[in-house]
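A short worksheet on the structure shown next.
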Amino acid sequence: MNDTAQQPIGVFDSGVGGLSVLQALRAELPHERFVYLADSGHAPYGERGDAYVAARTHAISDFLCAQHHIKALVVACNTATAAAIHEARVRHPQLPLVGVEPALKPAVAATRTGHVGVIGTRGTLGSAKFARLLASLEGQARFTIQPCDGLAHAIERSTAHPPTATQDATEIRALCAQYTGAMGPFGTEEGAIDTLVLGCTHYVFAQDILRDLLGPDVALIATGEPVARQTRRLLQTAHALACQETPLGADAVTVFTTGALEPLQNAVGRWLQLPARCCSTVDL
Ligand code: DGL
């Protein structure tokens, strides 16, 4: 094993949404160490401009490289990937880098009605990168695109309270109902949307609500697992996979936030079953 193999994998998002990607990464790569940064002090990214999101992406990637000597970086945020991954690759040419983008290709493969819905942030869905992805699939399916202002922020805020706080669930449900209601009928009937792409990593944590609203026949497509597999492939190619004999436990994960500590501790306990001691704040 070379020295690089011992180093952690860096992962970041505007907040807690990327924990859905970290979940998939830990399942795919149980022998790896991870450093996750939730930029909750600056979230949400989705309704800010590209320049702001790019500046945050560079500050975070520089911090993870300089302070944590990461061996790879997963940008677990569709908005940051769309705004800044290209520049991040130029800035860190040696670093294996994985971004996330709305999973349109798997959705095209999955749809039976030929009608795919895509939800995401305004930043992602309005980006040139997304326009290129959409154009590359022209003619293969009909797409209905819906930016969901406020939804990631509502999911972010819900981590400040116990999971039973009905006010949070009611707000998230109302936003999901409003946005999916504007997209047209969902279901398996001819012309209806039977496949919904979750184009923002936060929305994975609203999956149960979406399933309840849309019914069991609508497929919800997230990106965590393919991103985790791609991360494995890149590390393999770089001969940088960790090779401990046994899977690592909770101490293999360090989580930072630029926002308040308690909501992050709630989120990692709720969604990743990690102890509060994994979490710290950082000023960035
Ligand atoms: N989780 C992020 C994404 O995947 C962004 C949410 C936000 O900060 O608006 O796009």
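Overview of results
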item	result
Helix 166-181 axis, angle to the chain major axis (alpha carbon atoms, nearest 10°)	60 degrees
Virtual paramagnetic centre 7 Å along Cα→Cβ of THR188, amide N under 18 Å, in region 113-138	113-117
Local electrostatic count, VAL35, Cβ distance below 14 Å [Lys/Arg +1, Asp/Glu -1]	-2
Cα-based Rg / Dmax (Å) for the chain	18.3, 56
Relative contact order (%) - region 215-284, alpha-carbon pairs under 8 angstrom, separation at least six	27 percent
Rg/Rh for region 76-121, where both radii come from Cα atoms and Rh is the Kirkwood radius	1.13
Surrounding net charge for THR159, when Lys and Arg each add one and Asp and Glu each subtract one, Cβ distance under 15 Å	-4
Overall form of region 123-259 per C-alpha gyration tensor (a/c, 1.5; a/b vs b/c)	oblate
Interchain or long-range residues, amide H under 5 Å from PHE186's placed H	ILE193
Within the chain, helix-based [θ] at 222 nm, where runs of 4 or more DSSP H residues each add -39,500 (n - 2.57), nearest 500	-13000 deg cm²/dmol
Where labels lie 7 Å past Cα in the beta-carbon direction, separation of ALA250 and ARG89 in nm	3.8 nm
Directionally averaged projected area (convex hull, Cα atoms, region 1-88), nm²	5.7 nm²
Between 0 and 90°, nearest 10: helix 224-237 axis offset from the chain longest Cα axis	40 degrees
Lys/Arg +1, Asp/Glu -1 at C-beta; the chain dipole; positive extreme among TRP271, GLY49, PRO8	PRO8
Relative contact order of the chain, pairs being alpha-carbon contacts under 8 Å that are 6 or more residues apart, as %	28 percent
Accessible surface of region 156-200 [probe 1.4 Å, protein heavy atoms]: carbon and sulfur percent	58 percent
Surface share of carbon and sulfur [accessible, 1.4 angstrom probe, percent] for region 52-127	53 percent
Solvent-accessible area per residue, Å², over the chain with all protein chains present [probe radius 1.4 Å]	43 Å²
Histogram of C-alpha separations across region 1-160, 5 Å bin width, %	2, 9, 17, 20, 18, 16, 11, 5, 2, 0, 0
For region 41-109: rounded, prolate or oblate by the Cα gyration tensor [a/c cutoff 1.5]	oblate
Shape category assigned to region 81-189 from the gyration tensor of Cα positions, a/c cut at 1.5	oblate
Net charge over other residues, Cβ less than 14 angstrom from the Cβ of ASP3 (K, R count +1; D, E count -1)	+2
Angle between the chain longest axis and helix 261-272 axis [Cα atoms, degrees, rounded to 10]	70 degrees
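The values are calculated or read from the model by the stated rules, or taken from the named source; none is laboratory data. Remember, it's a predicted structure, so these values are computed and weren't measured experimentally. Backbone-built Cβ (ideal geometry, glycine too); neighbour counts: all protein chains shown. Accessible surface is based on the protein model in full, side chains and every heavy atom, while ligands, DNA and RNA are left aside. Shrake-Rupley method; radii C 1.70, N 1.55, O 1.52, S 1.80 Å.
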